[in-house]
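Okay, structure first, notes after.
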Amino acid sequence: MRTFIIIWIGQLVSLLGSGVTSFALSIWVYKNTNSATQFALMSVLTLVPAMIFSPVAGSLGDRRNRRKIIVLSNCGAGLSTLSIAVLLFLGHLEIWHIYVATAASSAFSALQWPAYNAVIPLLVPPEHLVRANGMFQVALAVSQLISPVLGGFLLVTIQIEGVFILNGISFVFCVVMFLLVRLPKPGTTTKAKMSKRRILWYDALEGWNYITSRRGLFWLSILFCVYHFVEGTSIVLSTPLFLSFTSTPVLGIMLSIGGSGMLLGTAVITTWGGGKRRIYNVLGFMLLGGLCMVLAGLRPDVVLCTVAIFLHFFSLPIIISSKQAIMQTKVALDVQARVFAVNGMLINFSLLLAYLVAGPLADLVFEPLLTVNGSLAGSVGKIIGVGPGRGIGLFFIIMGMFMIVATVTSYLSPRLRLVESELPNVISQ
């Protein structure tokens, strides 16, 4: 795993640099606009380019040299950040410049991740795939935990200009790590033939056809769309829910404890390896995630919600790592980039849909139901309470129950439950 660890270190540094810069830019946008809408627009501009470019990224990842794609994508993302830094130094930085750079950086990231995910099974033995994906979840967890704290400290000490410089260094470091290693090329393991004259978008459809022709993989992809939709609603509404009954400092403590749960989850899955039936990890911990959402919405209680947050974040890396290992083991090596690109596009669409509908549903439907004189105040309100935030709590309960039902239904599906037995491994054990 030496080559993989070298690459992983480069990605860890790159993710940390990008996280700090993203945090700093978000603060800069909010302070200069005082607009929550423009602040939220940055999240949308991160998802939409990824959705658009993911199919093309998958096709390129299977057609071209994957190392070159990853290196060039990192260079492109670095140049996007550099352009913002130059405009800031010159005193000409406008909000729309940041939007364009954010969209460009997202597009370059979309180009590299299918190739990166497809490289892992070429480097790591099958029995260590869950560990390898767990290590990547460690990198994400470290980035999410440290970036806000480090970003806030650096904004005070070296200002946003210094943050840009450090981010540039992180991109260079990541590129150097990739240039230091040699990556094996995948052999042709499917009957699909890629003609260079074919249109990339048409070629990208093969990733979707590959999934739909294997029912176990198809239902696994659909289950993850449901999971990320529910996850997206919690991302949007968790802060309003918790601030309805506690203060900002307490919320910070709750989220920090939750972040420690994610680190513990990554440590567990990296050490454990996930066992032989990884699909049980996916279904079991998804069930736990649904239960956590129900608990978070049930009572405006700090301790109960903190436990729910901790367990939710604990389950997240185990679910993602196990699912990735299943896909990497069961999907033919020469189409993996396309398949991962399709999966990424579906997940981003689910998240975007959640971001768009969660707020209006909470404000216009669920919150009015549980006001003091609301329609459900005399029934559901007697159980979970009435007042600010209780409508969002009801929404959490419904989403959690939806996740539980989807998980149980998936377990009852033989094609999904037996996906590891029915589909052959593309790499030998």
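Since every read-out is calculated from the coordinates, none of them should be taken as a lab result. The shown structure was predicted, so the numbers you read here are calculated from the model rather than taken from an experiment. Cβ placement follows ideal geometry from the backbone for every residue including glycine, while neighbour counts extend to all protein chains displayed.
The 3J(HN,Hα) values that the Karplus relation (6.51, -1.76, 1.60; θ = phi - 60°) gives for the stretch 351-365 are, in residue order, 5, 4, 4, 5, 4, 6, 9, 4, x, x, 5, 5, 6, 9, 10 Hz. Gly and Pro appear as x. The residue list Val357, Leu179, Val156 was ranked by how far each Cα lies along the charge dipole of the chain toward its positive end, using unit charges on Cβ atoms, and Leu179 comes out on top.
Calculated FRET efficiency, Val365 and Leu304, Cβ-Cβ r, R0 25 Å, to nearest 0.05?
On the way: r = 24 Å, r/R0 = 0.98.
The calculated FRET efficiency here is 0.55.
Taking one quarter of the surface of the C-alpha convex hull of the stretch 275-429 gives a mean projected area of 10.6 nm². Our coupling estimate for the stretch 382-396, obtained by passing each phi through the Karplus curve with A = 6.51, B = -1.76, C = 1.60 and θ = phi - 60°, is 5, 8, 10, x, 10, x, x, x, 6, x, 5, x, 5, 4, 4 Hz, Gly and Pro reported as x.
If R0 equals 35 Å, the separation of the Cβ atoms of Asn65 and Ser247 corresponds to a calculated FRET efficiency of about 0.10.
For Lys323, the aspartates and glutamates whose Cα comes closer than 12 Å to its Cα, not counting residues fewer than 8 places off in the same chain, are Glu420.
Computed from label points 7 Å out along Cα-Cβ, the spacing between Leu418 and Ile222 is 1.8 nm.
If you stretched the chain out fully between Thr212 and Leu264, how much longer would it get, using 0.36 nm times the residue separation minus the C-alpha to C-alpha distance? Can you show the working numbers first?
Numbers: separation 52, 0.36 × 52 = 18.72 nm, distance 3.47 nm.
Additional length available on full extension: 15.2 nm.
With only the Cα atoms considered, the chain has a convex hull volume of 142 Å³ per residue.
To the nearest 20 debye, what is the magnitude of the charge dipole of the stretch 203-421 about its Cα centre, counting +1 on the Cβ of each Lys and Arg and -1 on the Cβ of each Asp and Glu? Please list the in-between numbers first.
On the way: 13 positive and 8 negative charges, 133 e Å.
Rounded to the nearest 20 debye, it is 640 debye.
Report summary: the helix-based calculation at 222 nm, which adds -39500 (n - 2.57) for every DSSP H run with n ≥ 4 and divides by the residues of the chain, gives -27500 deg cm²/dmol. A simple charge model with +1 on the Cβ of Lys and Arg, -1 on the Cβ of Asp and Glu and nothing else charged puts the dipole of the chain at about 1540 debye relative to its Cα centre.
Could you give the length gained on full extension between Ile158 and Cys75, defined as 0.36 nm per residue of separation minus the Cα-Cα distance, in nm?
Working it through step by step, the gained length comes to 27.5 nm.
A cut-off under 13 angstrom between Cβ atoms defines the neighbours of Ala325, and their net charge, with Lys, Arg +1 and Asp, Glu -1, is +4.
Go ahead and run the numbers for FRET between Glu127 and Leu87, Cβ-Cβ distance against an R0 of 45 Å, rounding to 0.05. All intermediate terms of the calculation are to be shown ahead of the outcome.
Values: r = 49 Å, r/R0 = 1.09.
The computed FRET efficiency comes out at 0.40.
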